[in-house]
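Okay, so here's the structure we're looking at.
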Amino acid sequence: MLRKNLIIGVYKEPDKLIDGVIKLRKQGIEVFDCFTPFPVHNLDREMGIKRTRLTVGAFICGSLGFLSGLVLQFGMMVFDWPMNIGGKPDSYLMLPSMVPVTFELTILFTAFGMGILFFYKSRMLHGVREDILDIRQTDDTLLLTVEADKLNGNKQDVLEILKNTGAIDIRDHIRQH
């Protein structure tokens, strides 16, 4: 079981939270995570979070759906149950009739694949317990967390920055997962 010692700063206003993130990063202190009950614009950029690669996963899932639609229909129309439609027995001439099924399978694979990838990436799989640091984080407060183990003696600097940027509560927390 992994344990992380966290310093938590509780904020009421998003602007003060972003100000705290900016000042911590300017001091070279890495912000572990921020927990907010609503989207805070530009918070990800200020935290230095890179753009997600879930779009690559969506493309791969969609490509698998596209290929499975074509293979499924070609397998049925050419090998399993060949049909002569409109006097045209050639298999490549039936491609226009395959567009709806191929399109729907592309969308289906993309949707299910993105759902599975999202739950896997965000660790919200079946049996994983939620990790709520403060019950108010789901209602009206914003949390800024810093790993105390990675501070190298800068704990007082972190506490001072959190206090000066408007944190209404500052405390230590041991997170186990």
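General remarks:
- Each residue, A111 and K4, gets one label point 7 Å from its Cα in the Cβ direction; the gap between the two is 3.4 nm.
- Listed values (i) 1, 7, 14, 19, 21, 16, 11, 6, 3, 1, 1, 0, 0; (ii) 1, 7, 12, 14, 15, 17, 16, 11, 6, 2, 0; (iii) 1, 7, 12, 13, 12, 10, 8, 6, 6, 5, 5, 5, 4, 3, 2, 1, 0 include one computed from this model; for P(r) over Cα pairs in 5 Å bins from 0, in percent that value carries the label (iii).
- Phi-based couplings in Hz for region 14-28 (Karplus 6.51, -1.76, 1.60; Gly and Pro marked x): x, 5, 5, 4, 5, 4, x, 4, 4, 5, 5, 5, 5, 7, x
- Neighbour-count order for R136, R123, fewest beta carbons within 10 angstrom listed first: R123, R136
- Fully extended contour minus Cα-Cα distance, from T52 to I170, at 0.36 nm per residue: 39.4 nm
- Between helix 54-74 and the chain: long-axis angle, C-alpha atoms, 0 to 90°, nearest 10: 10 degrees
- Contour minus Cα-Cα distance for E104 and K12 (0.36 nm per residue): 28.6 nm
- Förster radius 30 Å - calculated FRET efficiency between R129 and L72, Cβ distance, rounded to 0.05: 0.15
- Built amide H within the under 5 Å cut-off of D169, gap 5+: V10
- Evaluating 6.51 cos²θ - 1.76 cosθ + 1.60 at θ = phi - 60° for every residue in region 38-48, the Karplus couplings come out as 8, x, 10, 5, 6, 5, 5, 5, 5, 7, x Hz, glycine and proline recorded as x.
- Estimated at 0.36 nm per residue, the fully extended path between F119 and S97 surpasses their Cα-Cα distance by 4.4 nm.
- Backbone N under 11 Å from the I60 label point (7 Å along Cα→Cβ), restricted to region 101-133: 117
- The label point for D140 and the one for D157, both projected 7 Å from the Cα toward the Cβ, are 3.5 nm apart.
Readers should treat all values here as calculations from the given coordinates under stated rules, not as data from a laboratory. Note that this is a predicted model, so its numbers are computed, not measured. Methodologically, a virtual Cβ is constructed for each residue, glycine included, from the backbone with ideal geometry; neighbour enumeration extends over all protein chains shown.
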